[in-house]
Amino acid sequence: MNRILSQDEIDALLSSVSKGKSYDTIEREPRRSVTVYDFKHPDRISKEQIRTMRTIHENFARLFATFLSTNLRALVDVNVISIDQVTYSEYTMSLSMPSSLYLLKMPDLEGKAVVEISPQFLLFVVDRLLGGTGETEIEIREITLIEQNIVQRIINNLINTLNEVWNQIYPLDAQFDSFETDPQFVQIARSSETIAIIFFEIKVRGAVYPMNIGFPYFVLEPILQKLSSQTFFVNVKKVAEQERNLLEDRIRSSKVNFNAIFAQSNLTVRDFLTLKNGDVIQLDKELDDELKVKVGNKIKFFGVPGRIGRKMAVRVTRKISFQEELSLEK
């Protein structure tokens with residue numbers, strides 16, 4: 001409906017324009033962060049499953065570092081850096097030449113896994129195992145057949161440790177299959193196949209060496225449902241209970257020395273050398289005193305002597321008290 005503005009309304013509009021006011025305001029939405037997603041290479045392993053895999057391999061890194069420190073007589077630290085999902089072609093292109101690639105076969109799973117270790121670290125291991133000082137600045141070269149045999153014990157422990165930590169989820173039963181130095185000769189998956197790579201760093205004497213373990217997706221696919229956090233902690237609890245029962249069984253079946261001390265006496269060497277038939281040795285106990293019963297090398301019980309049939313025996317009367325144990329130790 002058309003309406004003629006009054007003079008006062010016209011003046012009000014003109015004054016607002018002169019002051020720079022605008023009645024047309026546009027509210028802009030705040031910018032949202034955008035995450036790039038590659039539809040050609042989607043993440044086939046969920047974040048929860050990745051977190052579980054990280055927990056598993058952090059346990060592996062801790063156990064493997066302890067083994068290396070003991071055998072190399074040097075402080076070794078192994079850490080998990082990241083877990084990535086890439087195509088197999090991208091993974092092989094990222095490998096250096098020469099490389100040290102150990103292929104692992106798993107009887108119950110189709111396919112193989114790959115372990116890539118820095119050749120410089122393996123040469124450091126060879127030097128330490130042969131009694132050398134362990135130079136960290138070593139020129140990269142191929143590992144010879146003799147050097148492969150020297151470090152094979154280290155690799156066997158790596159595989160055993162990997163099997164041990166994965167047993168909480170699924171028994172991999174990984175076994176050494178072959179060794180390669182050229183990535184082009186390692187074809188454990190199609191070029192477009194997704195492979196999960198767990199990247200590690202090995203720190204020793206100020207040097208850092210890379211190591212990684214790769215599992216093709218089709219190898220992990222049958223056990224991905226077991227990689228949930230809930231399933232993992234349930235399995236850890238079961239494994240801990242089994243280990244406790246096994247430990248208790250081993251303790252119960254262990255054998256220890258159980259000795260009863262009837263009496264003691266101190267003699268000089270002169271008296272000992274002059275002993276003859278009919279001599280009387282004075283003991284430190286009365287006839288009705290309790291005997292000290294040792295378990296291993298410590299006194300744990302008191303008892304009285306007796307017989308069972310034709311065999312001598314000791315009947316345990318009481319357990320040693322804390323105060324008595326302290327006084328005997330002094």
For residue 123, net neighbour charge (Lys/Arg +1, Asp/Glu -1) across residues whose Cβ lies under 9 Å away: -3
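Want the number for residue 224 to residue 184: 0.36 nm per residue separation, take away the alpha-carbon distance, what's left?
My answer for the length gained is 11.5 nm.
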Degrees, to the nearest 10: 229-253 long Cα axis against longest axis of the chain: 10 degrees
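Quick check on the chain: what are the equivalent-ellipsoid semi-axes from the Cα gyration tensor, as sqrt(5λ), descending, whole Å? Intermediate values should be presented prior to the final figure.
Details: eigenvalues 1026, 257, 99 Å².
The three semi-axes for the chain are 72, 36, 22 Å.
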Positive-end residue of 85, 216, 204, charge dipole of the chain with Cβ unit charges: 204
Highest average packing first - 70-80, 267-277, 108-118, 283-293, Cβ atoms within 10 Å: 108-118, 70-80, 283-293, 267-277
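Once fully extended, how much extra length lies between residue 277 and residue 297, figured as 0.36 nm per residue of separation less the alpha-carbon to alpha-carbon distance? Working shown, then result.
Values: separation 20, 0.36 × 20 = 7.20 nm, distance 3.25 nm.
Here the segment from residue 277 to residue 297 would lengthen by 4.0 nm.
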Rh by Kirkwood over Cα pairs, then Stokes-Einstein D for region 55-210 at 1.002 mPa s and 20 °C, µm²/s: 132 µm²/s
Simple spin-label estimate for residue 149 and residue 82 in nanometres, 7 Å along Cα-Cβ: 4.1 nm
Inter-site label distance for residue 290 and residue 137 at 7 Å from Cα along Cβ, in nm: 7.0 nm
Length gained when the stretch residue 89-residue 170 is fully extended (0.36 nm per residue, less Cα-Cα span): 26.4 nm
Cα-Cα over 31 Å, subset of 226/255; 105/226; 47/112: 226/255
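Every number here is computed from the coordinates shown, using simple stated rules; none is lab data. Nothing here was measured: the structure is a model prediction, and the numbers come from that model. All Cβ positions, even for glycine, are placed from backbone atoms using ideal geometry, and neighbour counts span all protein chains on display.
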